[in-house]
Amino acid sequence: MLIETETTPNPATLKFLPGRPVMDMGTRDFASPEEAVASPLAEALFTLGDVTGVFFGHNFISVTAGPGTDWAALKPDILSILLDHFSADMPLFRAASAAGISVPAESADWPSNPEDEDIVAQIKELIDTRVRPAVANDGGDILYRGFDKGVVYLQMQGACSGCPSSSATLKHGIESLLKHYVPEVIEVRAA
């Protein structure tokens, strides 16, 4: 089994591609060892010490390391854990925690105004078809969190969370796209 790696725009994060699906649907973000208890794989990665975040996408795993981490030393350990996990065909989640998978297309963070139903549908469609695939290429995901009085609230995950260029991505990329296609959008903010 060959596991490829790719750099991401976030220098603290590497993207690992095991050459097979990781998640059948949705994504899962682990920001701490306590959250990683839900997944034997995420838990094993956090035991390396320098790992500060693990993100599962459809066909990749993004691993974020703490400041000053030597990727040349950490990367072989990560590859070894991933190789052991996928070669043994181990489960990604412990049975009781499989329900904790986030499915990014839906959100209940902000109550929706029924009058904005069509606008929200347009925003979600653009995010799903144009934004999320590009963000996934960079080892992350973006979740729709709400729309209120012209402001779209989005949450960055994986390599995109904490990335130095994430605010530029939100403001110059995503905000411009949404404003162009949905005139009711006046601003995009991180949730």
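Counting only residues that are assigned to a strand (DSSP E or B), among the β-branched types (V, I, T) and more than 12 Å from L82 (Cβ to Cβ), the stretch 1-22 holds 2 of them. Scanning the stretch 33-73 for residues that are within 17 Å of E4 (Cβ to Cβ) and of a type in the set (S, T, Y) yields one hit, S62. On the given criteria, is P9 farther than 12 Å from G139 by Cβ and not basic (K, R)? No, not satisfied.
Contact map, the stretch 82-100: residues that are farther than 17 Å from E34 by Cα and assigned by TED's automatic domain parsing to the domain that holds E43 paired with residues that are modelled with pLDDT of 85 or more and outside any helix (DSSP H, G or I), Cβ distance under 7 Å, separation 6+ or inter-chain. Pairs shown: L82/I3; L82/F16; L82/P18; L82/I61; L83/I3; F86/P18; F86/R20. Restricting attention to the stretch 47-64, which residues are surrounded by fewer than 22 Cβ atoms within 10 Å (Cβ to Cβ) and either under 20 Å from the mean Cα position of the chain (by Cα) or on the phi > 0 side of the Ramachandran plot (or both)? Matches in the stretch 47-64: G49, D50, T52, H58, N59. Is there a residue being at pLDDT 85 or above, in contact with a Lys or Arg (Cβ under 8 Å, 6 or more places away or on another chain) and part of a strand (DSSP E or B) anywhere in the stretch 155-170? For the stretch 155-170, residues at pLDDT 85 or above, in contact with a Lys or Arg (Cβ under 8 Å, 6 or more places away or on another chain) and part of a strand (DSSP E or B): absent.
The values are calculated or read from the model by the stated rules, or taken from the named source; none is laboratory data. Please read these numbers as outputs of a predicted model, since none were measured by experiment. All Cβ positions, glycine included, derive from the backbone under ideal geometry; neighbour counts span all protein chains shown.
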